[in-house]
Amino acid sequence: DIAGLGEQSVEQFVSTGFLRTIADVYDLPNEQKSLLDLERMGEKKLENLFAGIEKSKAQPPERLLFGLGIRHVGTNIAKLLIRAFGSIDAVSEATLEEIDDVEAIGPEIASSVYQYFRNPKVAPILENLRKSGLPFKGEKVEREIITSAFFAGKTFVLTGTLSSMARDEAKEKIEARGGKATGSVSKKTDYVLAGVEAGSKLEKAQELGVRVLTEEEFLKEL
């Protein structure tokens, strides 16, 4: 999300030794004189880069957590972790079981997050990011379960594109009502929510006799 820090610039900074970890991004403004000696690096370009670096400090903690590059942790998982624990520090101190208990996070993701924060090389990086003013604390949100006979205890699979919301949002709505969203269709699947250009999952549902919901039917149940 940092304007002026594209792939080419990152490669240049890495190859010249200015970037060794992501925390070094926030030390770049202190290296202005040395950076000006680099090829294709003028004052105006650096000015825009430094402004982008400073602006990135206003991003919420889930963006920083995503930016750490933890395997299997995308933007949605990062948001779920911050909502569940309230801060990156709390995530880093959580047990494997506590991470695994977070709604929509399975054993593979939980193990990846847990092992990442047990790497001794990570703590100094986090400390440098903290000193640079990056946000670590968010808002812990208690997950509200809405009673719904239609969704509670049911397993859903989503396929295709929805016009009214992103699929991640649809998953959150299903889970908030006591349902479960999984990635593959089986005999245990209760419903397949099919959007535009639904693919092989729709065909599998039809083969197994799993009920297929249109987006209109899904919205009506919500």
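Computed from the coordinates by the stated procedures, all read-outs in this text should not be read as laboratory data. Values in this document were obtained by computation on a predicted structure and should not be read as measured data. Note that we place each Cβ from the backbone using ideal geometry, even for glycine, and neighbour counts take in every protein chain shown.
Assorted remarks:
- Among the trypsin sites (Lys or Arg not before Pro) in the range 89-144, those placed in a DSSP loop whose Cβ has at most 14 other Cβ atoms within 10 Å are Arg118, Lys121, Lys140, Arg143.
- Taking every alpha-carbon pair under 8 Å whose residues sit at least 6 apart, the chain reaches a relative contact order of 15 percent.
- Gain upon complete extension [Glu169, Glu39; 0.36 nm per residue less C-alpha separation]: 42.4 nm
- Filtered GluC sites (Glu not before Pro), the range 120-197: DSSP coil and at most 12 other beta carbons within 10 Å: Glu139, Glu142, Glu144, Glu197
- Amide N proximity, the range 37-66 versus Thr16 label position 7 Å along Cα-to-Cβ, cut-off under 20 Å: 37-54
- Label corresponding to mean projected area of the Cα convex hull in nm² when calculated from the structure given, among [x] 13.1; [y] 13.8; [z] 14.8: [z]
- Extending 7 Å from Cα along the Cβ direction at Glu203 and again at Lys131 yields two label points whose distance is 5.7 nm.
- Using just its DSSP H runs of length 4 or more, each adding -39500 (n - 2.57), the chain gives a mean residue ellipticity at 222 nm of -13000 deg cm²/dmol after division by all residues.
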